[in-house]
Amino acid sequence: MDVPICLPYLKKDDLYLTEKPYNTDFAVGHIPGADESNHRFDYQNLLITDAQSSRRNFNLDRHGFCFLQGTTSVTPNTADDDEYIKEVYFPEIERILHKALPGYERIDYLDHLVRIRDESFPKKPGSITAAAQPAALPHSDFSRHGGFLAMEQFFPGQKKYFENRDFDLINVWRVLRGPNNDWPLAVCDYESIDMKEDTIECDVIHEQSVGENTLLFKNPKHKWYYLSRQGIDDLIVFRNMSSKDQRPAAFHAAFDTNMETPYPRHSLELRVVAFRPGGEPYEVDATVPE
């Protein structure tokens with residue numbers, strides 16, 4: 001089921017010649033003159049291709065993403081239990097990744113996020129919701145610089161653990177109720193992106209820190225894919241950044257299929273750091289800050 005949609009890219013605006021793109025994840029209304037974001041949008045009509053019949057054709061090291069299948073014990077209820085995710089679900093995903101991606105010698109947990117689309121989304125932007133909402137702006141979670149900033153946040157005081165290592169930051173994305181056609185995740189083929197002309201770094205401002213991701217300008221050459229009727233055992237695995245040479249990464253975005261669905265999208269994304277062989281061994285303190 002290929003789907004025609006209108007995707008909201010970041011606009012290639014003269015504003016960004018003098019001002020870096022940014023967005024905040026907290027309310028700034030109490031700060032005089034402050035805006036939550038300076039994003040300006042450029043909408044493009046395009047066709048997102050259903051990858052259900054061609055899912056085996058995609059490779060993490062060529063396209064920036066791949067589609068795997070893996071049965072785990074996670075449920076909508078256990079996904080809300082942080083300790084369960086770290087102690088039970090992550091080891092299950094770790095085994096799946098090691099089998100499918102044998103080039104990694106070690107995989108460690110970073111964080112996870114549950115999203116449940118609220119009926120107010122996207123009709124009432126900025127509405128307070130009980131859970132995180134779909135992210136419709138094409139992006140990669142971390143720029144290269146942002147990846148190192150994130151590692152310092154995830155593993156404070158343990159820079160020796162990663163500073164000279166060859167690692168990738170990877171996302172494992174799934175739905176918790178399926179089959180799902182409600183605001184599914186689309187991933188863009190890395191081979192269709194001109195990284196010099198199509199991308200720009202963006203500050204992600206938190207209350208206590210600043211991170212950096214990468215946003216995408218529109219280009220009609222981009223090729224987008226998704227899984228129709230995604231099931232609970234269907235995993236979308238994609239790379240966000242690499243510490244060494246630039247490896248294929250997947251820009252991604254949620255989109256509206258305009259299909260009638262029995263329930264809103266309920267999804268779980270798990271982010272991990274995956275190390276390639278080499279570098280000095282270092283035993284990390286697995287205590288990760290909330």
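The values are calculated or read from the model by the stated rules, or taken from the named source; none is laboratory data. Being a predicted model, the structure only gives us computed values, none of them experimental. Note that we place each Cβ from the backbone using ideal geometry, even for glycine, and neighbour counts take in every protein chain shown.
Out of the residues in the range 113-162 that are among the basic types (Lys, Arg) and either touching a Lys or Arg at 6+ places or on another chain (Cβ under 6 Å) or under 30 Å from residue 262 (Cα atoms) (or both), which is surrounded by the fewest Cβ atoms within 10 Å (Cβ to Cβ)? Explain how you work it out, then say what you get.
Kept after step one, since they are among the basic types (Lys, Arg), are these residues of the range 113-162: 115, 117, 123-124, 144, 159-160.
This time we only want the ones that are either touching a Lys or Arg at 6+ places or on another chain (Cβ under 6 Å) or under 30 Å from residue 262 (Cα atoms) (or both), so: 115, 117, 123-124.
Values: 115: 24, 117: 21, 123: 8, 124: 11.
By that ranking, first place goes to 123.
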ask   = (1) part of a strand (DSSP E or B); (2) without any contact (Cβ under 8 Å) to a residue 12 or more places away in the chain: which one isn't true of residue 7, the others all being true?
value = (2)
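Just a yes or no: is a residue in the range 78-86 of a type in the set (Phe, Trp, Tyr) and without any contact (Cβ under 8 Å) to a residue 60 or more places away in the chain? Step through it out loud before you land on a result.
The initial filter retains those residues of the range 78-86 that are of a type in the set (Phe, Trp, Tyr), namely 84.
Subset that is without any contact (Cβ under 8 Å) to a residue 60 or more places away in the chain: 84.
Yes: one or more hits.
Could you check the range 4-34 and list, in sequence order, the residues that are among the hydroxyl-bearing types (Ser, Thr, Tyr) and loosely packed, with under 10 Cβ neighbours inside 10 Å? Spell out the reasoning first.
Filtering the range 4-34 down to residues among the hydroxyl-bearing types (Ser, Thr, Tyr) leaves 9, 16, 18, 22, 24.
Scanning the range 4-34 gives a single hit, 18.
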query = Out of curiosity, is residue 211 at pLDDT 95 or above, of a type outside the set (S, T, N, Q) and buried (at least 20 other Cβ atoms within 10 Å of the Cβ)?
reply = no
task = Give me a count of the residues in the range 19-51 that are closer than 30 Å to residue 84 by Cβ and over 19 Å from the mean Cα position of the chain (by Cα).
result = 1
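Looking at the range 21-74 only, could you name the residues that are of a type outside the set (S, T, N, Q), within 19 Å of residue 96 (Cα to Cα) and touching a residue at least 40 places away in the same chain (Cβ under 8 Å)?
Narrowing the range 21-74 to residues of a type outside the set (S, T, N, Q): 21-22, 25-36, 39-43, 46-48, 50-51, 55-56, 58, 60-68, 70, 74.
The next check asks that each one be within 19 Å of residue 96 (Cα to Cα); those that pass are 55-56, 58, 60-61, 64-68, 70, 74.
Those that are of a type outside the set (S, T, N, Q), within 19 Å of residue 96 (Cα to Cα) and touching a residue at least 40 places away in the same chain (Cβ under 8 Å): 55, 58, 60, 61, 64, 65, 66, 67, 68, 70, 74.
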